[in-house]
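Down below is the structure, laid out as structure tokens.
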Amino acid sequence: MPQKDASRCWLCGRTSAEVRESAGRPLLPESEVEKKSARVSASKANFARETGEWWSRVPDQVKGMDFDFVMGNHAQFKAVGFIDEAEKAKTDIADPMSDAARRVRLGEEVTIGEVKISTDDKSRRDAVLKAIEDFEKRSGRLLSNGTAKNDSAPHGFEGLNMGQGIGLLRDVGMLYYSVQERLLESDREEEMSKRPTFGVGVARIPSVSAEILICSICQNLVTGLPSA
Ligand SMILES: [Zn+2]
């Protein structure tokens, strides 16, 4: 008579079917890609909330002033609460995005926040270039200097007043985070497709030093332990 529990994991007692059911849930350690993904999503939500508040904090006298002028002299506008935040977003997000637009067009290595794209990664380069070109078409502005086809369009924040500049800064920031989310999501899908099929099988575990019936989740967990 076949033993009913023959295929249960020695550690957690799950059958292959039960293991497959729980695979991918918090039992599996989070991968680097998933950690990056979580950081990008959190930063994006934070940025959307912060920039949403900026508009209500712009004094009427400042709304019509030139964006580049105010950002270039941000220390003089200390009393206007959000100016430092906006200047930081321009330095940390809009400038790197402009640099990424230039580099992707020149065929150089590109870094966008948590994502690095090598010179030979054609599909991801194409995806980034497409996102940038769509953005430039929508906004009627170029993100990078001197390298786009339609070079007569205004660059960056050129000629915008504070009100318009904040709007563009917000849009560029959302692009910056969305591009990262999209690339990390395709990395995650690729990673998932490479993960082993989950089930219960016989394995030799160094810390146990015997062949045992163990599921892939427990195996993943135990092989990380130092052996006795
Ligand atoms: Zn197990």
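The values are calculated or read from the model by the stated rules, or taken from the named source; none is laboratory data. Just so it is clear, the model here is predicted, and its values are computed rather than measured. Ideal geometry is used to build each Cβ from the backbone, glycine not excepted, and the neighbour counts take in all protein chains shown.
Within the stretch 208-228, how many residues are away from the ligand (no atom under 14 Å from the Cβ) and either at pLDDT 70 or above or part of a helix (DSSP H, G or I) (or both)?
The qualifying residues number 3.
Spot the failing condition for GLU190; the list is (1) closer than 29 Å to TRP54 by Cβ; (2) at pLDDT below 90, and only one is missed.
That leaves (1) as the condition not met.
Could you list, in sequence order, the residues of the stretch 28-55 that are more than 23 Å from the chain's Cα centre (by Cα) and at pLDDT below 80?
TRP55
In this structure, does THR119 turn out to be more than 16 Å from the ligand (Cβ to nearest atom), of a type outside the set (Lys, Arg) and modelled with pLDDT of 95 or more?
So THR119 fits the description; yes.
So which helices (runs of 4 or more DSSP H) are wholly in the stretch 48-152 and hold at least 3 residues that are in the same structural domain as TYR177 (by TED's automatic domain parsing), basic (Lys, Arg) and surrounded by fewer than 13 Cβ atoms within 10 Å (Cβ to Cβ)? If you could, list the steps in order and put the result at the bottom.
Numbers: elements: 60-63, 67-72, 83-89, 95-106, 122-139.
Helices (runs of 4 or more DSSP H) meeting the threshold: 122-139.
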